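Below you'll find the structure, written out as structure tokens, and then a few comments.
Read-outs throughout are calculated quantities, based only on the coordinates presented, and are distinct from any laboratory measurement. What you are looking at is a predicted structure, and each value in this text was computed from that prediction instead of being measured. For neighbour counting, all protein chains shown are included, and Cβ atoms are generated from backbone atoms with ideal geometry for every residue, glycine included.
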Amino acid sequence: MKVLKFGGTSLGNASKIKEVAKLVNNSDSKIVVLSAMSGTTNELVEIANKLYENNYTEAKERIDQLEQNYLNVVDSLFTTSHYKKEGLNLISSHFHSIKSYTKDILTVFEEKSILAHGELISTALFHYYLSENHIKSVLLPALNFMRTDKDGEPDLYYIKENLNREINSYPDDTLFVTQGFISRNNFGEIDNLKRGGSDYTASLIGVAIQASEIQIWTDIDGMHNNDPRIIENTKPLAHISFEEAAELAYFGAKILHPASINPAKTANIPVRLKNTMQPESFGTLITSRTEDKGIKAIAAKDDITVIKIKSGRMLLAYGFMRKVFEIFEIYKTSIDMITTSEVAVSITIDDAKYLDDIVSELQKYGTVEVEKNHTIICVVGDFIAESKGYAGTIFRALNSIPVRMISYGGSSHNVSILVEAAHKKEALTALNSTLEPYV
Ligand code: ADP
Ligand code: ASP
Ligand code: MG
């Protein structure tokens, strides 16, 4: 069995949904994981923000507009009056539920419930479309089997048990459809796997059912060697390793959710990135194979905050780092980069939710400086072990750019460079042209 995940970009309008239906309509047994139609989750986030601000008028206007867009999708998607009616009923019941939140102060739990409608609607519409076209499928509610534990991490045991039980109750079926992104938390409340989380759902499902392959279908022909949103003429990489894919995803390659590679890597299930608009293109195959050496790709991660702790006396003492790391652990904030000197340590984080608390704790140990708005540029490949002058080449490329921090040798797959966000494009462009012969 395979897992095929189609992102919002593959479900942008009725005709794109029809293309996806063509791609899944064959005898291979599979679970199809769908995101919300593109733009929907962003819009639901905006609606929730208006509700948090008690701006019910604008929230209602936005809800009405979104509902209207869906009514248009229903009209273009279905041909028969029966399914047009089913589609309209579906949309009106989901929007009735969203509108019920426009009366009172929104809670975090209610926000999560609002966001879940995007995936619930896209999968229900897709399932109806398959039925209208006499393609037999089973709609599996992800809320029946996707669950996170008390730490907010996926509960793989629960997912395995419940998903396999659901699938096994349809022994004659080969085409299953389910929602990406949404889950329940430890208390059984509606939750999600964070933005872009449908890739993570696909990977977790792949592991739970021991899939032969996890396919991520999107609007580009695989993992490119640089960020195509910023750099022109980037190229797809035919083959990369799990480690390289994980580094690229973690350091900003939006094509994959940062956590999505790890489960597949652990279970050794190949991940294939494919283009819905050009299914004949090879895409990218991600496996444990690492035979291609050298620099493969460059990615960039934005909104990085640097925290510098200065304390000559404390830094010389052993145990200091442990105390520093403990503070980040208490606030569940992960560290991306770290550099040390005799008198100071600089640390970067991307999640600044607990920044004020972290800073006030760190101040017990020295002077703390915070700089926001930085970008980590990450050069990925399998090259550190080889003394081929890669480091020199990377740093020569950045000759005219003020570099704030460097991390080299942490793994053999990654060199990370921290620059101010204002220098991001310049740095990516300089690296792209200088590293061209290598990538
Ligand atoms: P989906 O809706 O299918 O989940 P996303 O927008 O989340 O799609 O991811 C696909 C996008 O990721 C591409 O359109 C591309 O702009 C962006 N992207 C960023 N970095 C890379 C990269 N290195 N390779 C390919 N795509 C990338
Ligand atoms: N719909 C969700 C989002 O936009 C999940 C996803 O697209 O992967 O973040
Ligand atoms: Mg995505």
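The largest-to-smallest principal axis extents of the Cα set in region 233-378 are 60, 28, 27 Å. From largest to smallest, the equivalent ellipsoid semi-axes obtained for the chain from the alpha-carbon gyration tensor read 40, 27, 21 Å. Each of the chymotrypsin sites (Phe, Trp or Tyr not before Pro) that DSSP puts in a loop and that has at most 13 other Cβ atoms within 10 Å breaks the chain; the longest unbroken stretch is 1-186. Modelled label positions at ASN144 and MET1, each set 7 Å beyond Cα in the direction of Cβ, lie 1.2 nm from each other. Projecting label points 7 angstrom from Cα along Cα→Cβ for HIS134 and ASN25 puts them 1.1 nm apart. Largest mean-square fluctuation among GLU53, GLU67, GLU119, in a Gaussian network model of the chain whose springs join Cα atoms under 10 Å apart, belongs to GLU53.
For region 188-274, GluC sites (Glu not before Pro) meeting the loop criterion (DSSP other than H, G, I, E, B) and having at most 11 other Cβ atoms within 10 Å: GLU232. Put a plus charge on the Cβ of each Lys and Arg, a minus charge on the Cβ of each Asp and Glu, and nothing anywhere else: the dipole of region 282-380 about its Cα centre is then about 280 debye.
Multiplying the residue separation of THR107 and ASN89 by 0.36 nm and removing their Cα-Cα distance gives an extension gain of 3.8 nm. Simple point charges give the picture: +1 on the Cβ of Lys and Arg, -1 on the Cβ of Asp and Glu, and for the chain a dipole about the Cα centre of about 360 debye. Taking Cα centre as origin and charging only the Cβ of basic (Lys, Arg, +1) and acidic (Asp, Glu, -1) residues, the dipole magnitude of region 235-300 rounds to 100 debye.
By the helix-only formula, in which each DSSP H run with n ≥ 4 contributes -39500 (n - 2.57) and the sum is divided by residues, the chain has a 222 nm mean residue ellipticity of -12500 deg cm²/dmol.
Considering only GLY152, LEU120, SER334, and ranking their Cα positions along the charge dipole of the chain that arises from unit charges at the beta-carbon of Lys, Arg, Asp and Glu, the one farthest toward the positive end is SER334.
Relative contact order of region 226-330, taken over Cα pairs closer than 8 Å and 6 or more residues apart, is 29 percent. Taking only the Cα atoms of region 1-120, the ratio Rg/Rh comes out at 1.02, with Rh defined as the Kirkwood radius. Give the separation of the Cα centroids, region 332-381 to region 166-209, in Å. Region 332-381 and region 166-209 have Cα centres spaced 34 Å from each other.
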